[in-house]
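Down below is the structure, laid out as structure tokens.
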Amino acid sequence: MADARRLALATALALAAGPLTAAPAGATAYDTGAPRTWHVGPTRTLTTPSAAAALARDGDTVLIDAGTYDGDVATWTQDDLTLRGVGGRAHLRADGRDAQGKAIWVIAGDRTRVDRIELSGASVPDRNGAGIRQEGTDLTVTRSWFHDNENGILTGADPDSDIVVRRSRFFRNGFGDGYSHNLYVGAVRSLTVTGSWLSDADTGHELKSRAARNTIVANRISDGDATASYSIDLPNGGLSLVAGNVVVQGPRSENPALVSYGAEGLTHASRTLWVVNNTFVNQRTSGTLVALAEGSRARLLNNLLVGPGDLTNGSAQARANRRVRPTTFVDAAAEDFRLTPSSPAVDRGVPVPRRWRARWEYVAPARVARRPVVGRTDLGAYELG
């Protein structure tokens, strides 16, 4: 009888939430196997995301009305779940609360999709509080913001997991002890970050990844006046492409390298790093733009260098990397690093194998555009169209 009452309640809520989505032909609201859409918001039957987390099943979609949900935290255990803000970003503000002592959202299910969600203020006793603690296999995050947490996203180690971040922002994350970061990905199969803006990490790294494969393309990674450490830290190596990014190391950065590869040991099978068509800006008085562990196989091609510092500390195949003045760009002070027609970077690039080319350009504040193909490749993150 108790199970029947629970099913009746869930069915009533589903009907109040809205029509079923992707239901098989002939399915009704009582077909417990059909994926459902749950609507969440202050005026809805379900007023908080955590209420939906208690009812959702595998394959469901949770649509969360834009607005701020103070102190609402949740653990999501379902597989193939979609969590999406509607009418703008849905802001989950920790307000002193957490799920399992870990995060605002603990995601334990597999193949979760998160879209247009904002998570802020995560703080827990072990200083590792995250906007999202990813414990399941595979996560795709799009158009979302993570700020003022101890970690923006923190994932565990899962050799079968692929983490994808697109068109998102990470800023002011980090406890301040150097062990928490804007984005911290554990030993997963792959990480892909595109069209995103990572900035102002508190002592930790802007992006740290232990993934076996890393694709970091067409992003803006900038310290501002923060005490961030590495801009990109790939501490265990792995097959990695860093292409088409604008990377600005601020004057208060606590590590001299912008990109660090293999600093904690080259433990992955691949030790290959491609660094192609990036614009690297060092606002410290010294530094190393790409720090390589011994044994790395690195190719550094078509990058623009602004400010002091060595291109690399290690052995690498390096071609067409050029140091230029800020006047090369449209407005370097505003971090607009598009080229001017008189730039010495125009038409100075060398050919790059197709797989490793910079195909995309970052567009502020968090988008990408296809990089034009206009004659010989220009140096840096932007092609003069």
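The values are calculated or read from the model by the stated rules, or taken from the named source; none is laboratory data. On a predicted model such as this, the values are computed, not experimentally measured, just so you know. So basically every Cβ, Gly included, is an ideal-geometry build from the backbone, and we count neighbours across all protein chains shown.
Listed here are the residues, each with its yes/no results for (1) in contact with a Gly (Cβ under 6 Å, 6 or more places away or on another chain); (2) part of a loop (DSSP other than H, G, I, E, B); (3) buried (at least 22 other Cβ atoms within 10 Å of the Cβ); (4) of a type in the set (V, I, T).
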{"position": "V164", "(1), (2), (3), (4)": "no, no, no, yes"}
{"position": "F175", "(1), (2), (3), (4)": "no, yes, no, no"}
{"position": "S180", "(1), (2), (3), (4)": "yes, yes, yes, no"}
{"position": "V193", "(1), (2), (3), (4)": "no, no, yes, yes"}
{"position": "L198", "(1), (2), (3), (4)": "no, no, yes, no"}
{"position": "A201", "(1), (2), (3), (4)": "yes, yes, yes, no"}
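Against the conditions (1) free of Cβ contacts under 8 Å to residues at least 60 places away in the same chain; (2) among the hydrophobic types (A, V, I, L, M, F, W, C); (3) buried (at least 21 other Cβ atoms within 10 Å of the Cβ), where does A269 fall short? Just the number, please. Against the list (1) free of Cβ contacts under 8 Å to residues at least 60 places away in the same chain; (2) among the hydrophobic types (A, V, I, L, M, F, W, C); (3) buried (at least 21 other Cβ atoms within 10 Å of the Cβ), A269 comes up short only on (3). Criterion applied to T68, T45, T77 was being under 25 Å from T192 (Cα atoms), among the polar types (S, T, N, Q) and touching a residue at least 24 places away in the same chain (Cβ under 8 Å), and the one residue passing it is T77.
Among the residues of the range 64-79, count how many are of a type outside the set (D, E, K, R) and within 17 Å of I107 (Cβ to Cβ).
Qualifying residue count for the region: 8.
Applying the set (1) crowded, with 24+ Cβ neighbours inside 10 Å; (2) assigned to a loop (DSSP other than H, G, I, E, B) to L258 leaves exactly one unmet item: (2).
For every residue, the table says whether it meets (1) crowded, with 16+ Cβ neighbours inside 10 Å; (2) out of contact with any helix residue (DSSP H, G or I) (no Cβ under 9 Å at 6 or more places or on another chain).
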residue: A345; (1), (2): yes, no
residue: R348; (1), (2): yes, yes
residue: V352; (1), (2): yes, yes
residue: R355; (1), (2): no, yes
residue: A369; (1), (2): no, yes
residue: V374; (1), (2): no, yes
residue: E383; (1), (2): yes, yes
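Restricting R133, R111 to residues that are crowded, with 24+ Cβ neighbours inside 10 Å and without any contact (Cβ under 8 Å) to a residue 40 or more places away in the chain narrows the list to R133.
I'd like to know if the range 18-38 contains one or more residues that are closer than 26 Å to K102 by Cα and at pLDDT 60 or above. Looking for residues that are closer than 26 Å to K102 by Cα and at pLDDT 60 or above, one finds at least one in the range 18-38, hence yes.
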